[in-house]
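J.: Handing you a structure now.
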Amino acid sequence: MARKIEVQLVGDDSDLRRAFANSQTTGSKWAGRMKRIGKLAGLGLAAGIGVAIIAMKKSFDAAKEAELAQGRLRTQLKQSGKSWADHGKRIEDSIDSLSKLSAIDDELVSDSFTNILRVTGNVNKAMEGNALAADIARARGMDMAKAGELVGKVYGGNLGILSRYGIVLKDGATKQEAIAELEEKFGGQAEAYGKSAAGAQERFQVALENVEEQLGAKLFPVLTKLFEWGTQFMEWSQQNWPRFQAIIAKAVDAVRPTFEKLVNYWTGTLLPTIQSIVALARKFWDKFGADIKRNFSNMVDVIKHDQG
């Protein structure tokens, strides 16, 4: 960084003398300062890279989880005898809509749908049951995928499990009546929560995670290639360590002469030249400084007189 020297010509010249004295040591200190700045820059760069890596990893993990959730859904749909081409768009729209309504992460909504579909084998019933699962999840503070398991068990005829949640059915109640009881007891809870202040915060978080998923999805091909390349490189370096070590040594040897020339030029030529110029400037000021200050002061007086 260039040193800026401000010289006050009127009055005591000790500031200027001190500035010249300091300038003589600037050259010798420069290398050390640049080294410290380099370390700080390195730390800053490392921190920036670290933050970028964390952000990419978070996006990558979010996209990976979304991919896994959809994989589970597609597999279950196929096992239920349904095709993604026929039902995929409608299912995705339903999951997205319910996620926004309830402020529940769409992967959890998807897993809940998958759990219900596994029992019913019916897309429409799974959609209806998924909406009920969201209501139960919000009312009971449950994980929605677990709520979907509960609804799936009721669809499958396991009504006794409802007693754990304070729901007592009449003797001989059917699963349809049990579903109706659940809807009466918990219906509308997901929407009510989604409209609350807490729901608004969670909707924002869900939207942010969806952005991370989309970013991660776009990074998948790039990161996959990087991981593959990195793995291949590490495997190669392990298998060829002596050769790899020789390449590094050769690269260092290749740049060392140039670096040594730069250092020698700085210490042997440039630094002494700068010091000589500073010393010459100091001698010049010692000889003519008083005259320069006096003449400059006279010029200032004349200018002030003319302006007055």
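The values are calculated or read from the model by the stated rules, or taken from the named source; none is laboratory data. None of the values given here were measured: they were computed from a predicted structure. Every residue, glycine among them, receives a Cβ derived from its backbone with ideal geometry; neighbour counts consider all protein chains shown. Surface areas here come from the heavy atoms of the whole protein model, side chains and all, with no ligands, DNA or RNA. Shrake-Rupley method; radii C 1.70, N 1.55, O 1.52, S 1.80 Å.
J.: Label-point separation (nm) for N240 and Q201, each offset 7 Å from Cα along Cα-to-Cβ?
T.: 5.5
J.: Further question on the same structure: Between F288 and K261, what FRET efficiency comes out of the Förster formula 1/(1 + (r/R0)^6) with R0 = 45 Å and r the beta carbon distance, rounded to 0.05?
T.: FRET efficiency, K261 to F288: 0.70.
J.: Here is a follow-up. Which whole-number value in Å² is the accessible area per residue of region 252-308, probe 1.4 Å?
T.: 82
J.: Something else now. Over what distance in Å are the Cα centres of region 239-264 and region 112-168 separated?
T.: 65
J.: Further question: Taking 0.36 nm per residue of separation and subtracting the Cα-Cα distance, what length does fully extending V252 through A180 add?
T.: 18.3 nm
J.: Moving on. Relative contact order of region 88-137: what whole-number percent is it, with Cα pairs under 8 angstrom and at least 6 residues apart?
T.: 33
J.: Ordering W241, W229, W236 by how much accessible area each has at a 1.4 Å probe, largest first, what is the list?
T.: The most accessible residue leads, giving W229, W241, W236.
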